[in-house]
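Below: one structure in structure tokens.
The values are calculated or read from the model by the stated rules, or taken from the named source; none is laboratory data. Small disclaimer: the values here were computed from a predicted structure and weren't measured. Neighbour counts are summed over all protein chains in view; Cβ atoms, including those assigned to glycine, are modelled from backbone coordinates with ideal geometry. Protein only, heavy atoms only, side chains kept; ligands, DNA and RNA dropped before computing areas. Shrake-Rupley method; radii C 1.70, N 1.55, O 1.52, S 1.80 Å.
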Amino acid sequence: MEFSNLHEILRNLYVQMMPLCSNMAGVAKGIAGLGALFYVAVRVWQSLARAEPIDVYPMLRPFAIGLCIMFFPTIVLGTINSILSPVVRGTHQMLEGQTMDMNKYRQQKDELEYQAMMRNPETAYLVSNEEFDKQLEELGWSPGDMVTMTGMYIERGMYQMKKSIRDWFRELLELLFAAAALVIDTIRTFFLIVLAILGPIAFAISVWDGFQSSLTQWICRYVSVYLWLPVSDLFSSVLAKIQVLMLQNDISELQNNPNFSIEASNGVYIIFMIIGIIGYFTIPTVANWIIQAGGMGNYNRNVNSVASKTGSVAGGAAGAAAGNVTGRLLGK
């Protein structure tokens, strides 16, 4: 199953869990009704005790909140999601455009790498079985030719081993990169579901005096968590754009510079993937910059801790893989 399908499953999960908000509406109505009774009674008693006219407008607040609780999925969630969904669609379109460009340039770079290896007679047999067989047929059976043949087999085997290890490690980093995005999306979906299902309770508690801030805090947290997805798409778009620029530079060098090092380019790509994995875990912090939501500091600290540990593991694995390859080559 592709990661895009998993993200789609998470979106469907959120939609399917929304009807559960109605189950909490009954409890929330009772809490809000009792809170509205005390809310109105206290203000009427204060006005009568002070011999002042009763101000009706502030007393409409609990009734407005009660209407929001009664039609919570439509009025509250529907309104917020309708306002924020264009932002999600816009950032996702940006990501799709950059990803298509990246795939196109990556295919072009792979073709140029193959052509560059084939143009050099000293490296053509490393990537082409036909060229390898052709050069073997040109050799005789003299002792010098046997030594040359043995060296060709060793060099071809070392090249294939090195390429296999590099491709394996690159695929591992790409897997971790996609997994980081899936982790952020999974936690985001979980937070949104919890906030949506218990939202009527938060609205009902906000009717009581002293708990009015719970209403604004719920809205701020819901919007902040909802923005994780567009921020993630923007971050992925930036990473894809950087990869496009790197691929364009590599393509230009392959076309114009015969001494261009392909190995150095692949090393930079691996380092870039490690940076991207760490950067994914800063998305909650960036979303919290857009709209300030209190009470999420501990989560952000935990996310940053996980990011640093993930970067250390990826960097350690990169060093271990490079050291293993170097040690084998020097040993031979």
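Please tell me if Val183 is open to solvent by less than 50 Å² (accessible area, probe 1.4 Å) and among the β-branched types (Val, Ile, Thr).
No.
Further, regarding this structure: Do any residues in region 218-239 that are open to solvent by 20 Å² or more (accessible area, probe 1.4 Å) have Cβ atoms under 7 Å from those of residues that are among the aromatic types (Phe, Trp, Tyr) and at pLDDT below 90, where the two are at least six apart or on different chains, and which pairs are they?
These pairs meet every condition: Phe235/Tyr280.
Rundown of residues vs (1) in a helix (DSSP H, G or I); (2) farther than 27 Å from Ser213 by Cβ; (3) among the basic types (Lys, Arg); (4) open to solvent by 40 Å² or more (accessible area, probe 1.4 Å), yes/no style:
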{"position": "Leu48", "(1), (2), (3), (4)": "yes, yes, no, yes"}
{"position": "Ala51", "(1), (2), (3), (4)": "no, yes, no, yes"}
{"position": "Pro58", "(1), (2), (3), (4)": "yes, no, no, yes"}
{"position": "Arg61", "(1), (2), (3), (4)": "yes, no, yes, yes"}
{"position": "Ile69", "(1), (2), (3), (4)": "yes, no, no, no"}
{"position": "Ile75", "(1), (2), (3), (4)": "yes, no, no, yes"}
{"position": "Gly78", "(1), (2), (3), (4)": "yes, no, no, no"}
{"position": "Leu84", "(1), (2), (3), (4)": "yes, no, no, no"}
{"position": "Asn103", "(1), (2), (3), (4)": "yes, yes, no, yes"}
